[in-house]
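Notes for the one structure printed next.
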Amino acid sequence: MTADSHYRLYGGEISYYSGKVRAYLRHKGIPFEEQQATREVYKEVILPRVGWPVIPVVVTPDDQTLQDSSDIIDALEQRFPEPSVYPEGPCQKLAALLLEVYGDEWLKIPAMHYRWNHNTDWIIREFGRLSRPDGTAEEQYEIGERTCRPFRGSLPALGVSESTIPAIEASYEALLGDLDAHFAKHPFLFGNRPSIGDFGLIGPLYAHQYRDPASGALMERIAPSVVAWVKRMVEPANADTKGEFLPDDDVPDTLLPVLARMAAEQFPVLASTRTAFEAWNAAHPEEAIPRGIGMHGFTLQRDTPQQAQGERAIFPFDLWMLQRPQDHYRELDGSGRAAADAFMTRFGSDGALLAPSNPTRLTRVAFRLARA
């Protein structure tokens, strides 16, 4: 196979979404070469192709540019359809798509908190090494500090504050416990093959929570089965990943606490985001959609001693991600819809989030969020 037939991944080991795409490429056996996103790569490749500084970016052998982890995976699924990362059963596919949303958009809260509040010095040095691999340690630290400022500065927008940190940590450690119980019984979320839900979770759980030293030590201590799953996800050559999803559209009971946590914590935020965006869109029909459109409240560890309320930014992009499970749900026929409805009651959801009335359809145009 010639080098020209390889895909090129521009990313980094410290990058949340690069971890998702890299694991996907490895599991699918897609030939690729990864190039670290140095300053030169941003200047010479990413900015000319995408228009703004972002990773991961994939360039195909026919010179097509792909950006955003979900768009990258879906484009490559068309080229490499087998084995699919999307279960066929209505309940498994719904759960997988929901868990992708959870990993991509909600687990940023603990991932960013632990990185910037427990691993600060280490990650500054890592950013410096990524950006200027040939620099001295002092030069790397200086550029790392400059590069990191926007990431550290995003914590309040994500809802990370002194008042919410105890609940963030309690919720994350409880999640690790629930996932550990599941992965003690199943290699992946839905059996012996990774799904889009696994790839959604690997972004935060590998790039931030496993690799960052303090977070990795925590995971090793309280969730060894999650550590084993991370290794299966990032090193598929050392694991049997060619199996099947569980038969009969089975979603194991061990996943219900994970989905229940998502329903309790993220679902209300997604519903509030939808309401706020529709109001904003009605008032600004001609404006480009910004990254954030104000602030709203959220609650973690509801009905527990660690319960905390905070404020975070309203991110319209979350609604684009939500469209993925919504579209699947809308396309289900009578028996499939009934099965999905019954499944959602198992983790405390009535399905209202997946059936909004006349929402604004979102898409991505020139690698940015836009109205369809």
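Values quoted throughout were computed directly from the atomic coordinates according to the rules given, and no laboratory measurement underlies them. The structure displayed is predicted, hence computed values, not measured ones. We place every Cβ from the backbone using ideal geometry, glycine too, and count neighbours over all the protein chains shown.
When only alpha-carbon atoms are used, what values of Rg and Dmax, in angstrom, describe the chain?
Using the Cα atoms of the chain, the pair Rg, Dmax is 20.0, 63 Å.
Measure out, as a whole number of angstrom, how far apart the alpha-carbon centroids of segment 122-159 and segment 335-372 sit.
Answer, in whole Å: 37.
Find the Rg to Rh ratio for segment 3-79, where Rh is the Kirkwood radius over alpha-carbon pairs and Rg uses the same atoms. It would help to have the intermediate numbers written out before the result.
Details: Rg = 11.3 Å, Rh = 12.3 Å.
With Rg and the Kirkwood Rh in hand, the quotient comes to 0.92.
Lysines within cross-link reach of residue 28: Cα-Cα under 29 Å, excluding same-chain residues under 8 positions apart?
Of all the lysines, those that pass the test against residue 28 - Cα under 29 Å, at least 8 places apart if same chain - are 20, 93, 108, 185, 231, 242.
What FRET efficiency do you get for residue 47 and residue 299 if R0 is 35 Å and r is their Cβ-Cβ distance, rounded to the nearest 0.05? Before the final figure, lay out the partial values.
Values: r = 39 Å, r/R0 = 1.12.
Computed FRET efficiency for residue 47 and residue 299: 0.35.
Which longest uninterrupted range of the chain lacks any GluC sites (Glu not before Pro) assigned by DSSP to a loop state (not H, G, I, E or B) and surrounded by at most 10 other Cβ atoms within 10 Å?
On the way: sites that count: 88, 162, 286, 287.
The answer is 163-285.
Can you report the principal axis dimensions of segment 63-119 using only the alpha carbons, biggest first, rounded to whole angstrom?
41, 37, 14
I need 106, 52 ordered by Cβ neighbour count within 10 Å, fewest first. Don't jump to the answer; show the numbers that get you there.
Details: 106 22, 52 11.
By the 10 Å Cβ count, ascending: 52, 106.
How compact is segment 291-372 by the rule of thumb for globular proteins, expressed as Cα Rg over 2.2 N^0.38 Å? List each step's numbers first, then the result.
Values: Rg = 16.0 Å, N = 82, 2.2 N^0.38 = 11.7 Å.
The reported ratio for this selection is 1.36.
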